[in-house]
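Asker: Have a look at this one.
The values are calculated or read from the model by the stated rules, or taken from the named source; none is laboratory data. Please read all numbers here as calculations on a predicted model, not as lab measurements. Here the Cβ is made from the backbone with ideal geometry for all residues, glycine too, and neighbour counts use every protein chain on show.
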Amino acid sequence: MNSPKPSVLFVCVHNAGRSQMAAGFLREIAGDSVEVFSGGTAPKDSVNPVAVEAMGELGIDISENLPKKLTDDAVKQSDVVITMGCGDECPFYPGKRYEDWQLDDPAGQNIEQVRTIRDDIRGRVQELVGSLNVEV
């Protein structure tokens, strides 16, 4: 590993919905026991407001987050790389743990649909935390 604590990178195309929600959940659940990064292959200018609303319903504020461009360095620094719909655009480095989460894109979805995506992400992040062997 690159550091005493594991690092996780969440990647989706726009870094405005799925990856932001996943990063928010991981920070909320694992606190500072895990380094959390996110990025997008074609980042938007801002986080999806419906994703912000859905996370806010659970007391997790992602409203100040800004989408970031995925970099090779971010992948190199991470122990676990979770991809969400970016396909072959995501860089691959041997020795990293990769997971591809098949999730609907919250872009253009109403709040009820985004809640379903959010809840799916929360369950996956909880499973991920369990596999990282960290104290929460």
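Asker: Here are some residues: Asn48, Asn65. Which one is under 28 Å from Pro4 (Cβ atoms) and of a type outside the set (A, V, I, L, M, F, W, C)?
Answerer: Asn65
Asker: Among (1) modelled with pLDDT under 95; (2) under 14 Å from the mean Cα position of the chain (by Cα); (3) surrounded by fewer than 23 Cβ atoms within 10 Å (Cβ to Cβ), there is one condition Ser7 misses while meeting the rest; what is its number?
Answerer: Against the list (1) modelled with pLDDT under 95; (2) under 14 Å from the mean Cα position of the chain (by Cα); (3) surrounded by fewer than 23 Cβ atoms within 10 Å (Cβ to Cβ), Ser7 comes up short only on (1).
Asker: How about region 31-80: which of its residues are within 14 Å of Leu9 (Cα to Cα), assigned to a helix (DSSP H, G or I) and not acidic (Asp, Glu)?
Answerer: Result: Ala74, Val75, Lys76, Gln77.
Asker: So if I check each of Gly56, Gly31, which one is under 20 Å from Gly130 (Cβ atoms) and out of contact with any helix residue (DSSP H, G or I) (no Cβ under 9 Å at 6 or more places or on another chain)?
Answerer: Residue meeting the stated conditions: Gly31.
Asker: I would also like to ask the following. Can you tell me which residue in region 54-80 is nearest to Tyr98 (Cα to Cα), limited to those that are in contact with a Pro (Cβ under 8 Å, 6 or more places away or on another chain) and β-branched (Val, Ile, Thr)?
Answerer: So the residue we want is Val80.
Asker: Oh, and also: Tally up the residues in region 1-30 that are part of a loop (DSSP other than H, G, I, E, B) and touching a Cys at 6+ places or on another chain (Cβ under 6 Å), please. I'd like the intermediate steps shown before the answer.
Answerer: Initial filter on region 1-30 (part of a loop (DSSP other than H, G, I, E, B)): 1-6, 13-17.
Checking the rest, the ones that are also touching a Cys at 6+ places or on another chain (Cβ under 6 Å) come to 13.
Result for region 1-30: 1.
Asker: Of the residues Asp88, Asp61, Asp72, Asp79, only one is acidic (Asp, Glu), surrounded by fewer than 20 Cβ atoms within 10 Å (Cβ to Cβ), farther than 15 Å from Arg122 by Cα and at pLDDT 90 or above; which?
Answerer: Asp79
Asker: Additional query: So which residues in region 100-115 are free of Cβ contacts under 8 Å to residues at least 24 places away in the same chain and either exposed (fewer than 13 other Cβ atoms within 10 Å of the Cβ) or touching a Leu at 6+ places or on another chain (Cβ under 9 Å) (or both), if there are any at all?
Answerer: Gln102, Gly108, Glu112
Asker: While we're here: Any chance you could count how many residues in region 40-52 are more than 14 Å from the chain's Cα centre (by Cα) and either within 14 Å of Gly108 (Cβ to Cβ) or hydroxyl-bearing (Ser, Thr, Tyr) (or both)?
Answerer: Number satisfying all stated conditions: 4.
Asker: Out of all the residues in region 101-117, which are assigned to a loop (DSSP other than H, G, I, E, B) and over 14 Å from His14 (Cβ atoms)?
Answerer: Trp101, Gln102, Asn110
Asker: Here is a follow-up. Which members of region 27-38 meet the condition of being under 19 Å from Lys76 (Cβ atoms) and either at pLDDT below 95 or buried (at least 24 other Cβ atoms within 10 Å of the Cβ) (or both)?
Answerer: Ser38 - this is the single residue of region 27-38 that is under 19 Å from Lys76 (Cβ atoms) and either at pLDDT below 95 or buried (at least 24 other Cβ atoms within 10 Å of the Cβ) (or both).
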